[in-house]
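Just below is one structure, and these are the notes that go with it.
Nothing in this text is a laboratory measurement; each read-out follows from the coordinates by a stated rule. Everything quoted here is computed from the prediction, not taken from an experiment. Please note: Cβ atoms are built from the backbone with ideal geometry, for glycine as well, and neighbour counts cover all protein chains shown.
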Amino acid sequence: MCFSVAIVRNNTLLTLEKYYDSLPNNWERKNDLPEFPDYFFLSGFSLPLLPIIKDDGIFLHQWGLIPSWIKTEKDAHEIRSKTLNAKGETIFEKPSFKKCIQNQRCILPVAGFFEYREMNGLKYPYFIHSVDHDDFFLGSVYDRWINEESGEVLNTFSIVTTPANTLMEKIRNLKKRMPLIIRTKDSYQWIDRNTDLHLVEKLICPYDELKMNAYTISRIANNARMNRNLPEIMNEVVFTELDAHIQTSLF
């Protein structure tokens, strides 16, 4: 699954500018880029506001999708920690996501994401990023929920996941999942609400592991009570107790 990401503002702004240049001529930039801080380590369980790319611009949405049909504020709060991710294999059938996947798709640009390898009862954190250091485009879906009691409107999203590729199987070695990473050349088809759903379904597949890099980082990443939102959290830390073959085979 994918519950923690890194978003470095300056890198993301450059990525978004390049992304605009790659879009079809009929796509218009309808809004300015929203303000958001650096997130060197960000847990989805904090329900943050993050910049997502939709077919009509770039907007801040909260991570943790609330389906539009949810009735009460209590139910809305309860469902959010369960909808940080949407499983790609069942997204067309699950009530929380089946409407969104049809015409409410978006992209979350991230510098990378964090996952954990479990060995001998210990969790080893990894930072995973692209080999060219460009942002990953995480395929996501979004929805709009209106609180009938207060009138408050919440715009939320969920990251789609797929089975792990070879690299991610070694890191996420128990559940063997990974976020859906959309290739730049496919990104407009993903967000375009008119894209044929058979093509959308084909885009939901594991990313090429040869375009990814991964390394172990400090175990501070395991401790939610510590401040993990620091640039150095993304620095490599070697664990000598890890089997050498397993450690080096990730690269």
Note, Ile7: beta-carbon cut-off 14 Å, +1 each Lys/Arg, -1 each Asp/Glu, net -2
The computed P(r) of segment 96-210 puts the percent of Cα pairs beyond 20 Å at 48 percent
Computed ³J(HN,Hα) along segment 64-71: with the Karplus parameters 6.51/-1.76/1.60, θ = phi - 60°, integer Hz and x for glycine or proline, the list is x, 5, 10, x, 4, 8, 4, 8
Taking every other residue with Cβ under 10 Å from the Cβ of Asn155 and scoring Lys and Arg +1, Asp and Glu -1, one gets +1
Descending packing, highest mean Cβ count within 10 Å first, for 69-80, 5-16 is 5-16, 69-80
Taking Thr195, Thr184 and counting other beta carbon atoms within 10 angstrom, the fewest-first order is Thr184, Thr195
With Cα coordinates, the longest principal axis of the chain makes an angle with the long axis of helix 9-22, in degrees rounded to 10, of 60 degrees
Within segment 100-172, DSSP-loop GluC sites (Glu not before Pro) with at most 15 other C-beta atoms within 10 Å are Glu148, Glu149, Glu152
Residues whose built amide H sits under 5 Å from the amide H of Met119, excluding neighbours closer than 5 in sequence, are Tyr124
The long-range amide H neighbours of Ser4, using H built 1.01 Å from N in the peptide plane and a cut-off of under 5 Å, are Gly44, Phe114
Cα gyration tensor of segment 4-248 diagonalised, 5x eigenvalues square-rooted, in angstrom largest first, produces semi-axes 29, 21, 18
Residues whose modelled amide H sits under 5 Å from the amide H of Val237, counting only those 5 or more places away in sequence or on another chain, are Thr216, Ile217, Ser218
The extension gain from Phe239 to Asn222, computed as 0.36 nm times the residue separation minus the Cα-Cα distance, is 4.7 nm
Taking Tyr20, Tyr39 and counting other beta carbon atoms within 10 angstrom, the fewest-first order is Tyr20, Tyr39
Per the rule of 0.36 nm per residue minus the C-alpha distance, extending Leu60 to Leu14 adds in nm 14.8 nm
Rounded to the nearest 0.05, FRET efficiency between Glu169 and Lys211 (Cβ-Cβ, R0 25 Å) equals 0.95
Once both label points are put 7 Å beyond Cα along the C-beta direction, the Thr90-Glu149 separation in nm becomes 2.9 nm
